[in-house]
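J.: Attaching a single structure in structure tokens format; questions to follow.
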Amino acid sequence: MIPGPEREAGQAPERGAGLREEVAEAANVLARLGLVTAYGHVSARAGESMLITPAADLARVTADQVIEVPLAPGGALPRGAPAEAWAHLALYRARPDAAAIARAQPASAFAVTAAVSLMVPLHGQAAWLGESVPVHHDAALLRSADQAERAARSLPEGEALLLRGNGALTLGATPGLAVARMWLLAAACDVYLKALAASGAASRVTPLSAGEVASWRAVGGELLPRLWQHLRCRSGAGLDPGEVQG
């Protein structure tokens, strides 16, 4: 299992009250970027628990509304937690390298999952999502431990998972970096759809080579945090998810 490049750079989210603030801010930015409507959530690992946004409009979530959920299996979700919190729990248990998770519904993700079973990176920044982005083929909501565990098994490595008919999940070393990856995933899906339209078939698109992917992933620890800072400062300016920053 290969941790994301920013994890290799030694970054880690702040604990306690500061981490609650990070989760809430990342959720606010995710909403302002237009990647969620009434549904979506952001979480972070906090020792033997996770901190997750409530079942509420992410644009209005505050740090004091963030809910703590134990990571240990067997318990019920606490009052106010989103029903798909099971997906976050399953990923934290399956992926010790996962420190934060974003859950959203980019429109372009719905289209890509209807067309392919695996999305390969076609531009450099898409490599920060993984060597490829798998598609979990069950469109049911991840509202049970069993459903969530099946989805988590679809992402043994990499930092993004497309859910057929149900949006996506992205991982990061901080809540902000998980949100930055969700924005990148929306952009990567847009690029992929345009390439499919131009070529007429997935077999005709030209993915990055393994060496090209490795070279981009090697600089992710430096460049992905810059994207997060850009998004948090510009998220109220109507930024187009298809705009790829250099």
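The values are calculated or read from the model by the stated rules, or taken from the named source; none is laboratory data. What you see is a predicted model; the values in this text were computed from it and never measured. A quick note on method: Cβ atoms are made from the backbone with ideal geometry, for glycine too, and the neighbour counts reach across all protein chains shown. Each accessible area value is taken on the protein alone, full model and side chains, heavy atoms only, with ligands, DNA and RNA left out. Shrake-Rupley method; radii C 1.70, N 1.55, O 1.52, S 1.80 Å.
J.: Pull up the range 31-41, narrow it to residues that are in contact (Cβ under 8 Å) with a residue 60 or more places away in the chain and in contact with a Leu (Cβ under 6 Å, 6 or more places away or on another chain), then point me to the one that is nearest to residue 65 (Cα to Cα).
T.: 40
J.: Sticking with this structure for a sec: Go through 114, 94 for me and flag whichever is under 20 Å from residue 44 (Cβ atoms) and touching a residue at least 24 places away in the same chain (Cβ under 8 Å). Steps first, please.
T.: Values: 114 fails: under 20 Å from residue 44 (Cβ atoms).
Result of the check over 114, 94: 94.
J.: I'd like to verify a number: residues in the range 22-45 that are surrounded by 21 or more Cβ atoms within 10 Å (Cβ to Cβ), small (Gly, Ala, Ser) and either modelled with pLDDT under 95 or not in a helix (DSSP H, G or I) (or both), how many?
T.: Number satisfying all stated conditions: 3.
J.: For the range 199-218, how many residues meet the condition of being small (Gly, Ala, Ser), open to solvent by less than 60 Å² (accessible area, probe 1.4 Å) and at pLDDT below 95?
T.: 3
J.: Could you tell me whether any residue of the range 123-140 is among the acidic types (Asp, Glu) and more than 30 Å from residue 199 (Cα to Cα)? Give the steps one after another, and end with the answer.
T.: Narrowing the range 123-140 to residues among the acidic types (Asp, Glu): 131, 138.
Adding the requirement that they be more than 30 Å from residue 199 (Cα to Cα) leaves none.
No: the range 123-140 contains no residue that is among the acidic types (Asp, Glu) and more than 30 Å from residue 199 (Cα to Cα).
J.: Something else about it: Are there any pairs with C-beta distances below 7 angstrom linking a residue in the range 52-78 that is free of Cβ contacts under 8 Å to residues at least 60 places away in the same chain to a residue that is aromatic (Phe, Trp, Tyr) and open to solvent by less than 40 Å² (accessible area, probe 1.4 Å), with the two at least 6 apart or on different chains, and if so which?
T.: 71/92
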